[in-house]
Amino acid sequence: MRTVLVGNIKGGCGKTTLATHIAAAFAGQGLVTAIGDCDRQRSSLNWLRRRPAALPPITGLDWAKDVGSPPKGLDRLVIDAPAAMHHKDVEDLIAISDVVVVPVLPGAFDEDATAHFLERLAKVKAVRKNKRVVAVVGNRLRPGTKASEHLDGFFGGLGFPVVARLRDSQIYTAAAAAGSSVLEAGDRRARAYAAEWVPLLALIDSP
Ligand SMILES: Nc1ncnc2c1ncn2[C@@H]1O[C@H](COP(=O)(O)OP(=O)(O)OP(=O)(O)O)[C@@H](O)[C@H]1O
Ligand SMILES: [Mg+2]
């Protein structure tokens, strides 16, 4: 089983959006997939409740109170972490993960908070020893803006280059409401958005 942790201490940066999309990508490949929702808001579990039966199934694990043990036979586990996470909890979740995905919005406040989170991550032994892949993902970007460019320079300078850039679009709000993802909508516009996920999904899938 491969486990992907999506986390950042910054609220509203896209953790649930990324967790649900990554899970949908796995499920779409025919992999037996679950989301472990560690957030008391239960956003991922609510998204799953809205998920149409015709789409590839994803199992929801309610881990808001305690991180449980994943069911047997899973190929992929995606963990949706809450914004307010103690250092110990971060360490525990990293211990069971192969990849840590860190979404970040453009802007100084978001960059600062995320840099702080990355500093904490870098101190975790498994990360320090290069035993975990850490992927920073720029979210809600408006391509060609100064804020977008700044994000690249800022995280590149910290040694965590931005591996994927996702545009700001209502298509994500619609997917959240529909229990789906832009990866699963077949129209041309959605395919253009889906292309932005390719570098992240490739990194997650790489051995
Ligand atoms: N690329 C995007 N374009 C437009 N809207 C987006 C995008 N990514 C996320 N959103 C919207 O931004 C809001 C916050 O996203 P999301 O819930 O994924 O963040 P979060 O980090 O999980 O938040 P929390 O810290 O509350 O758990 C949601 O309404 C979501 O639909
Ligand atoms: Mg969330």
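Tallying residues that are among the polar types (S, T, N, Q), in contact with a strand residue (DSSP E or B) (Cβ under 6 Å, 6 or more places away or on another chain) and away from ligand 1 (no atom under 16 Å from the Cβ) within the range 26-46 yields 1.
Residues in the range 20-41 that are touching an Asp or Glu at 6+ places or on another chain (Cβ under 7 Å), assigned to a loop (DSSP other than H, G, I, E, B) and within 15 Å of ligand 2 (Cβ to nearest atom): 2 in all.
Taking first residues from the range 124-148 that are part of a helix (DSSP H, G or I) and partners that are small (Gly, Ala, Ser), the Cβ contacts under 8 Å between residues at least 6 apart in sequence or on separate chains come to Ala126/Ala95; Arg128/Ala122; Ala147/Gly107; Ser148/Gly138. Within the bounds of the range 193-203, is there any residue that is among the charged types (D, E, K, R), over 20 Å from Lys10 (Cα atoms) and within 12 Å of ligand 1 (Cβ to nearest atom)? Taking every residue of the range 193-203 in turn, at least one turns out to be among the charged types (D, E, K, R), over 20 Å from Lys10 (Cα atoms) and within 12 Å of ligand 1 (Cβ to nearest atom).
Filtered by the rule that a residue be assigned to a loop (DSSP other than H, G, I, E, B), open to solvent by 30 Å² or more (accessible area, probe 1.4 Å) and not aliphatic (A, V, I, L, M), the range 69-85 gives Ser69, Pro70, Pro71, Lys72, Gly73, Asp75.
Among residues of the range 130-153 being within 16 Å of ligand 2 (Cβ to nearest atom) and not β-branched (Val, Ile, Thr), the one that is surrounded by the most Cβ atoms within 10 Å (Cβ to Cβ) is Asn139. Restricting the first member to the range 22-41 and to residues that are at positive phi, and the second to residues that are assigned to a loop (DSSP other than H, G, I, E, B) and of a type outside the set (Val, Ile, Thr), the beta-carbon pairs closer than 9 Å and six or more apart or on different chains are Gly30/Pro56; Gly30/Asp75. Just one of the listed residues (Thr17, Thr59) is within 12 Å of ligand 2 (Cβ to nearest atom) and open to solvent by 20 Å² or more (accessible area, probe 1.4 Å), and it is Thr17. Within the range 89-110, if we keep just the residues that are farther than 15 Å from Met1 by Cα and of a type in the set (Gly, Ala, Ser), the residue that is least open to solvent (accessible area, probe 1.4 Å) turns out to be Gly107. Within the bounds of the range 103-121, is there any residue that is over 17 Å from the mean Cα position of the chain (by Cα) and under 28 Å from Gly179 (Cβ atoms)? No, every residue in the range 103-121 fails to be over 17 Å from the mean Cα position of the chain (by Cα) and under 28 Å from Gly179 (Cβ atoms). Looking only at residues in the range 154-190 that are more than 25 Å from Pro57 (Cα to Cα) and β-branched (Val, Ile, Thr), the one that is most open to solvent (accessible area, probe 1.4 Å) is Val163. Whenever a residue of the range 74-94 is more than 16 Å from ligand 2 (Cβ to nearest atom), its partners that are part of a loop (DSSP other than H, G, I, E, B) and among the hydroxyl-bearing types (Ser, Thr, Tyr), lying with C-beta atoms within less than 9 angstrom and at least six residues away or across chains, give the pairs Leu77/Ser97. Can you pull out every residue in the range 93-111 that is of a type in the set (A, V, I, L, M) and in a loop (DSSP other than H, G, I, E, B)? Those that are of a type in the set (A, V, I, L, M) and in a loop (DSSP other than H, G, I, E, B): Ile96, Leu105. Consider the range 1-19 and keep the residues that are among the aliphatic types (A, V, I, L, M), outside any helix (DSSP H, G or I) and within 21 Å of Pro207 (Cα to Cα). The one that is farthest from ligand 1 (Cβ to nearest atom) is Met1.
The values are calculated or read from the model by the stated rules, or taken from the named source; none is laboratory data. All values derive from a computational prediction rather than experimental measurement. Glycine also receives a Cβ, built like all others from the backbone with ideal geometry; neighbour counts cover every protein chain displayed. Just the protein is used for accessible areas: all its heavy atoms, side chains included, with ligands, DNA and RNA removed. Shrake-Rupley method; radii C 1.70, N 1.55, O 1.52, S 1.80 Å.
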